[in-house]
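Data first, discussion second: the structure below is written as C-alpha cells.
The values are calculated or read from the model by the stated rules, or taken from the named source; none is laboratory data. Bear in mind the structure is a predicted one, so any value in this text is a computation, not a measurement. Ideal geometry is used to build each Cβ from the backbone, glycine not excepted, and the neighbour counts take in all protein chains shown.
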C-alpha cells in the first residue's frame, strides 16, 4: 500500500468479524469497526482502529464514517430469527449499498453462505440469497465470499458446541445422519481470504467458496475432535432428521437464543457443494488443514493463554470482562453469577465465556487459571476460600471483606505463594503513579503534612440496597468508596501509627455518610482525611491529596498534579521530559503530559479512569504469567482495610487508636 487504506467492517463483533479486524490491522490497514450500541468492544486499543456505534438497521447513519474508506467488508448477519434476518440480511444490505454510494465507496466484500445453495432453504439461506442478488445488481466493485463451516474459539459456533459436548456429555448428539460432506475452515484463514480480496482486481465481480482442501462429514469431524480430546470411545447418537426439525421449531418458539435452529438442521443434512479451488488460485490463498486447525483451536493456540473466570456480572464484572477480552494472552472461559437472567444479558452483549451459577460448577467444566471476584462484598469470603482451596490466583474488588478480622481467618498455608490482587486501581492512574515517584525522589524534601479528600455526589436521601446495610457492606462511605483514598495514602505514606476519627449519618440509617479522620505516622508526618458521598457537584469519585514538605507542596487529583516549590528546590531531573504548564506560583502537569503506558490501553470510560483499570488488569495477568508477586495484593488490602477498621473503632469509642504493628502482617 502506498498510503494507509481504511476498511469499514460491519458485524465486527462476530467470530469472523473479530478475526478480520485483527488481521487487517496486522497487515497495516486502518479499520472502522461497526459495533452495536451497548455491546462490548472485543478489541484491544490500536492507533489504527476506530469503533463506530450503529447497526445494519441504521446503516444510513454511517455515511459520514464510510466517507474516505477504500472498501467495506460486510459481515453483519442474523442467522435464525424469521423477521430480524430479513431486516439485517436483506433490508440492511440494500441500505448498506445506498450508504456506500452516498459516501462514494465503490469496493464491497460481501460475506454470504453456502446455505444459499440448499434445495430446502431456511430463513438464513433465503435472506442471504436475496442479499446476494442485491450485491450483484449494485453497480459496485463487489466480491462475494461463501465460507463453509467456520471454526474458532467463539462459544456460539457449531464447532465449539460440539467440542463442549465431547468434553462434558457421555455421548455426542448429531442432528440427522451426519453424513453430508463439507469443508471446515479456520476463522483466521477466512480473515486472510477477506483481506487478500480487498485489493485483488481479479476478484472484482466474482463469487468464491472458502473451505479446507479436505472434505469430511460431520461424523468424521466429531471423530477428529474426540481424538484430540482423547474421547475416542464416546458414542455418537443420531437424532432423526424429522425429529430434529420439530425440536428446532419448538425451541424457536420458547427460547430467544435456542442452541439449535431449523437452519442448523437443514444445513447439516443437505449437500452444499463447496468448491474452493478458485479461491486458492485467484486469491493465492492456502488454508491450513483440518487436523492442524482443530489442534490450534482446542490445544495449540490456547497454550500460554490464561483461562479466566469472572465471578459477579454486575458493573465491575462487565468492566473487567470487557478489558480481559481484549488481552491476547487471556481467554475468558467462564462467567459466573447466581442471576441467570443477568448472565443471559451479559452473553447477549458479546462477552466471551460460558455461563455458570457457581465457581464450583464452572471449575468442573472449564479450565480456569485465574479468577476475578466482582460480587458484592458480603459474597467475597466464600469465593476467596474456594480459590484458596483450589490454589487459583484471584483478583478481588475492594473492599475485600466486610470486617477486617476475616483477613485473620484466611489459611496462611493456602495463601503462601499464591498470586492475589485487590482492586486498588488508583495505584495505576497516571497522576498518582507520578506523584508517588516525586515523593520517593524527595522533590518535596521531608514530608510534614497532608490533606486528603474523597468526594462523590451519591446519597441525598435514605437509600436501600446492600451497600447501605452495615452487615452486608461493612460500613458506609469509608468502606465504599473510601478504599480509593485510603489506598492512595497507603501507597504514598505507608501505614499510620495513630488514628482519630469521627463519622456522621446524614441520610443513611445504618452507615455513615461522612467521615473525618486524623492520621499520624512514625516519621512525624500527620494529615487529615475527609470523605463524603453527600456533596453536590461531583458526579464521579474524586480523590485529591495535598502534600506539604519542607521544600514545597504538591496537589494530586484525577486531572493532574500541581507543584509549588520553594526557591532553590531542584526539580529538573524529576520532571525530565514532562511538559508543564505555568499556574500561579507553580506549575501544573496535566494527565495528558504524563508518561503514557508502553502499550495502548482499552479505555471503556476515560472520565472514570478506564486506563487505570486496564493497567491494573494487565499487571495482574502479567504477574501470574511471570509468577511474580502483585504489588497491591491481599496483604496490601489488609493494611488499607485495617486503617479503615481503626477509623470505625476510633469513631465508636471517641478516642485516638494506636495501630498495633503485628496485626498488619
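Among the residues of segment 219-242, is any touching a strand residue (DSSP E or B) at 6+ places or on another chain (Cβ under 9 Å), in a helix (DSSP H, G or I) and at pLDDT below 80?
Among the residues of segment 219-242, at least one is touching a strand residue (DSSP E or B) at 6+ places or on another chain (Cβ under 9 Å), in a helix (DSSP H, G or I) and at pLDDT below 80, which makes the answer yes.
Kindly indicate whether residue 268 is in contact with a strand residue (DSSP E or B) (Cβ under 7 Å, 6 or more places away or on another chain) and under 30 Å from residue 396 (Cβ atoms).
No.
Select from segment 505-544 the residues that are part of a strand (DSSP E or B) and either out of contact with any strand residue (DSSP E or B) (no Cβ under 6 Å at 6 or more places or on another chain) or over 30 Å from residue 447 (Cα atoms) (or both) and list them in ascending order.
Within segment 505-544, just 534 meets the criteria.
Looking at segment 485-504, which of its residues are over 15 Å from residue 470 (Cα atoms) and in a strand (DSSP E or B)?
Selection gives 498, 499, 500, 501, 502.
Condition check: surrounded by fewer than 19 Cβ atoms within 10 Å (Cβ to Cβ), assigned by TED's automatic domain parsing to the domain that holds residue 278 and more than 35 Å from the chain's Cα centre (by Cα). Does residue 249 satisfy that?
Taking the combined requirement at face value, the residue does not satisfy it.
Is it the case that segment 190-199 has a residue that's out of contact with any strand residue (DSSP E or B) (no Cβ under 9 Å at 6 or more places or on another chain) and within 29 Å of residue 332 (Cβ to Cβ)?
Yes, segment 190-199 contains at least one residue that is out of contact with any strand residue (DSSP E or B) (no Cβ under 9 Å at 6 or more places or on another chain) and within 29 Å of residue 332 (Cβ to Cβ).
Listed here are the residues, each with its yes/no results for (1) buried (at least 19 other Cβ atoms within 10 Å of the Cβ); (2) at negative phi; (3) part of a strand (DSSP E or B).
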site: 350; (1), (2), (3): yes, no, no
site: 381; (1), (2), (3): no, yes, no
site: 407; (1), (2), (3): yes, yes, no
site: 410; (1), (2), (3): no, yes, no
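Out of 344, 398, 364, 414, which single residue is at pLDDT below 95, under 20 Å from residue 623 (Cβ atoms) and not in a strand (DSSP E or B)?
Just one listed residue meets the conditions, 414.
Only one of these conditions is not met by residue 430: (1) within 30 Å of residue 536 (Cβ to Cβ); (2) modelled with pLDDT of 95 or more; (3) within 23 Å of the chain's Cα centre (by Cα). Which number is it?
(2)
So, of the residues in segment 1-39 that are under 19 Å from the mean Cα position of the chain (by Cα) and part of a loop (DSSP other than H, G, I, E, B), which turns out to be surrounded by the most Cβ atoms within 10 Å (Cβ to Cβ)?
Taking the candidates together, the pick is 12.
Look through segment 520-537, keep the residues that are crowded, with 22+ Cβ neighbours inside 10 Å and touching a helix residue (DSSP H, G or I) at 6+ places or on another chain (Cβ under 7 Å), and return whichever of them is farthest from residue 467 (Cα to Cα).
Ranking the candidates gives 529 first.
Could you tell me whether any residue of segment 245-258 is part of a helix (DSSP H, G or I), touching a strand residue (DSSP E or B) at 6+ places or on another chain (Cβ under 6 Å) and either modelled with pLDDT of 85 or more or on the phi < 0 side of the Ramachandran plot (or both)?
No.
Which of the residues spanning segment 275-300 are in a helix (DSSP H, G or I), crowded, with 22+ Cβ neighbours inside 10 Å and at pLDDT 95 or above?
279 - this is the single residue of segment 275-300 that is in a helix (DSSP H, G or I), crowded, with 22+ Cβ neighbours inside 10 Å and at pLDDT 95 or above.
Taking the stated definitions as given, is residue 267 surrounded by 13 or more Cβ atoms within 10 Å (Cβ to Cβ) and under 22 Å from residue 166 (Cβ atoms)?
yes
How about segment 91-200: which strands (runs of 3 or more DSSP E) wholly inside it have at least 2 residues that are at pLDDT 90 or above and buried (at least 17 other Cβ atoms within 10 Å of the Cβ)?
107-111, 141-147
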